[in-house]
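Okay, structure first, notes after.
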Amino acid sequence: MINWRSTYAIYRNELMRFMRTVFGSLVSPVLTTSLYFIVFGAAIGGRMNAVGGVDYGAFIVPGLLMLTLLSESTSNASFGIYMPRFTGAIYELLSAPVGVAETLLGFVGAAATKSLILAAVILATAKIFVDYEIAHPLYALLFIILVSASFSLLGFILGVWAEGFEKLQLVPMLILTPLTFLGGTFYSIDMLAEPWRTVALANPIVYLVNGLRWTFYGQADVSIGVSLSLTLVFLVIDIAVIAWIFRTGWRLRS
Amino acid sequence: METILDIAGLTKVYPGGLKALDGVDLQIRRGEIFALLGPNGAGKTTLIGAVCGLVRVTGGTITAFGQDLAHNWRDARRRIGLVPQELGFDMFETVERGVRYSRGLFGLPPDAARIEVVLRSLSLWDKRHEQIRALSGGMKRRVLIAKALAHEPELLFLDEPTAGVDVELRRDMWRQIDRLRDQGVTVILTTHYIEEAQEMADRVGVIDKGRLLLVDEKDALMAKLGRTEARFRLAQPLAAVPDSLCAFPLHLEDDGLTLAYRGGDGAGKGKAEIAAIAQALPHQGIAYTALDQKESSLEDIFVDLVEREEAAA
């Protein structure tokens, strides 16, 4: 039986932490994304050909949104669980009547909520610079929620694994950002010559960027079914790893 | 009396082989104040951690409120509070929010009145809107206690509650524990200040190297192991303890200038014997110029116990 009050207490506490640092949490990703839109959308985009009938400025919107979602979901959730480990406040969580369900719904739910707020703000910002439409808004919402949740889960795992602040940054900086850049954020992988096109298909982020792009423009390099399935598989793996962490107490209980 | 916590054969071996708990058996009665005494690294914090869910035990069982903790941990933890030794919280949180969060985390609905009572009882009410990082060390420790009391636990663990706090705060803590006793809260506290156990506890357990050396009523412990010491400073040195006083546990120190007594039972026998010696000495023509007398404290008992244990090992 899930302890809803505890879940809500964790969720609320995490969101309050977010509100306390709202400037850093919201303003800096929005500013970064705006810079991308100014440079690649407005400045360079005007001289670029449309990709698959979509104006270049609009073409990069889903990819940039994905870039922000991945890195922010991961780092928010990893900080959320790493900080109490670092300060020692984790004792309270461990001694409380909460299990894996409450902890996940609380921490990961809050991190995913932040990501959704961020997504809304970024989409609104994008509208200032480029003209875009969302062909399948419900699919887009579903996809954004799934991605936010699964990468918040990944962040949670990182936050439990990390033994220092630098390790927290490792995965977002060294894996997620490069893979997103190479994953078709700024181009269609169909533009790539073989064998690079096939190599690109091994990059899981390609499926995320293209999944989101399909919900926007009804067309992408890979089918939405594959994208959704892969995201769900990733989600299930995350949950399995976290269930294992709680069962064994790895890095949490001595 | 009802047993609120029953620990049986509890063992904890850390990876790397350190045996922090070695077959600990301990029953805690509802409503008592139990002091767990032991040197640093004795296993006190591990024992608390095992009950509170911070430590995964290697062997043994813990029964809390009549239910096996391994299976009914949710229900049990709701009724247990923990004040850890180390200060650990979100330093940017305000006092009131932090305490409210703790209450929610333990599954209780918000109750502003209850939180006010807790904050007032710890003299934190005036500081409720301050960030925890702005508080003094003593105040931070009070916040830890407030957080542990926010969900109205029936069983409260205090891990070294007065380590590194000033005398005034220590007295405050003791008063707070007294109030908890009046409310019927069962308190288990660890300390290496014997004075604290002597002042507060109903029962005392002594732990060293992961083994519980003894558990007894504090008064019984004092009576059983308590000793009276006396030192007669003599006007003239003696070569040997006079034959007529051989029945008493006496020996000479300081090249025969001090006649030292160590004995009794913590229940008055020692004092009576010292009075008898004091009367006997002038009859023997032995003059003394000073007399010191003291009852051994829990501290002496504790040191004795640990030393005896180490000698036996």
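The table that follows gives values for the structure above.
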quantity	calculated
Cα centroid separation, region B:32-106 to region B:1-21 (Å)	14
Relative contact order computed over region B:3-223 (Cα-Cα under 8 Å; 6+ residues apart), in percent	31
Per-residue mean of C-beta atoms belonging to partner chains within 10 Å, peptide B:98-105	6
Burial ordering of A:Y187, A:Y11, fewest other beta-carbon atoms within 10 Å first	A:Y187, A:Y11
Where N is the number of residues in region B:232-293, Cα Rg divided by 2.2 N^0.38 Å	1.04
Mean residue ellipticity (222 nm) of chain B, computed from DSSP H runs ≥ 4 via -39,500 (n - 2.57), nearest 500	-10500 deg cm²/dmol
Entries of B:K140/B:K294; A:K127/A:K167; A:K114/A:K167 with Cα pairs more than 30 Å apart	B:K140/B:K294; A:K127/A:K167
Calculated FRET efficiency for the pair A:K167/B:H71, C-beta based, R₀ 51 Å, to 0.05	0.90
Relative contact order computed over chain A (Cα-Cα under 8 Å; 6+ residues apart), in percent	27
Kyte-Doolittle at least -0.5, axis length at least 27 Å by Cα - qualifying DSSP helices, chain A	A:56-87, A:109-129, A:137-161, A:224-248
Relative counts (whole %) of C-alpha pair distances in region A:178-254, using bins that are 10 Å wide	18, 38, 22, 15, 6, 0
Cα gyration tensor, region B:32-172 - rounded (a/c under 1.5), prolate or oblate	oblate
Relative compactness, the protein assembly as shown, computed as alpha-carbon Rg over 2.2 N^0.38 Å	1.35
Cα-derived Rg to Rh of region A:1-101, Kirkwood definition	1.18
Within 10 Å of each Cβ in B:74-82, the average number of Cβ atoms from other chains	3
Other protein chain Cβ atoms within 10 Å, averaged over every residue that makes up B:106-117	2
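Every number here is computed from the coordinates shown, using simple stated rules; none is lab data. None of the values given here were measured: they were computed from a predicted structure. Every residue, glycine as well, gets a Cβ built from its backbone with ideal geometry; the counts of neighbours run over all protein chains shown.
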